[in-house]
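Just so you know, all these numbers are worked out from the coordinates, no wet-lab data involved. Keep in mind that what you see is a predicted model, and the values were worked out from it rather than measured. All Cβ positions, glycine included, derive from the backbone under ideal geometry; neighbour counts span all protein chains shown.
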Amino acid sequence: MTGVAVTTFFTLWETALQERIPERAISRVSSYDFFASAGLMPIGLALAGPIAAGFGLHETLFAMTAVGVGLSLACLCVPAVRALERRDQLTPAAPSG
């Protein structure tokens, strides 16, 4: 089930990036996105071991889940996130010269 949720999120995220970010900037924005997603992952992995050793494996996993769910709900509280429309439903933008 988690794999389905993650795949759905990444599909919607990449669609939103391609619809909202100008073509001239998509490469730069994607690189920042990848850096924040994968580039910082080693820091989380380095911290997870000592935290699990200090607090316990199940407690650490529960806390990580709570943080993830909390951050997801916080994102959904932003009205602009909930009101994001597909680009094909908007008035076409004038071509930039």
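Figures for the structure shown
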{"read-out": "Dipole magnitude (debye, nearest 20) for the chain, charges at Cβ of Lys, Arg, Asp, Glu", "value": "160 debye"}
{"read-out": "Cα-based helix-to-principal-axis angle, 41-55 vs the chain, degrees rounded to 10", "value": "30 degrees"}
{"read-out": "Tilt relative to the chain, helix 2-20 - C-alpha long axis, 0 to 90 degrees, to 10", "value": "30 degrees"}
{"read-out": "Equivalent ellipsoid semi-axes, the range 41-85, via Cα gyration tensor eigenvalues times 5, rooted, Å", "value": "30, 12, 5"}
{"read-out": "Dipole axis of the chain (+1 Lys, Arg; -1 Asp, Glu on Cβ), positive-most option in Leu17, Thr65, Thr2", "value": "Leu17"}
{"read-out": "Residues Arg24 and Leu61, FRET efficiency given R0 of 35 Å [Cβ-Cβ distance, rounded to 0.05]", "value": "0.25"}
{"read-out": "The chain: C-alpha gyration tensor shape, a/c 1.5 cut-off, then a/b vs b/c", "value": "prolate"}
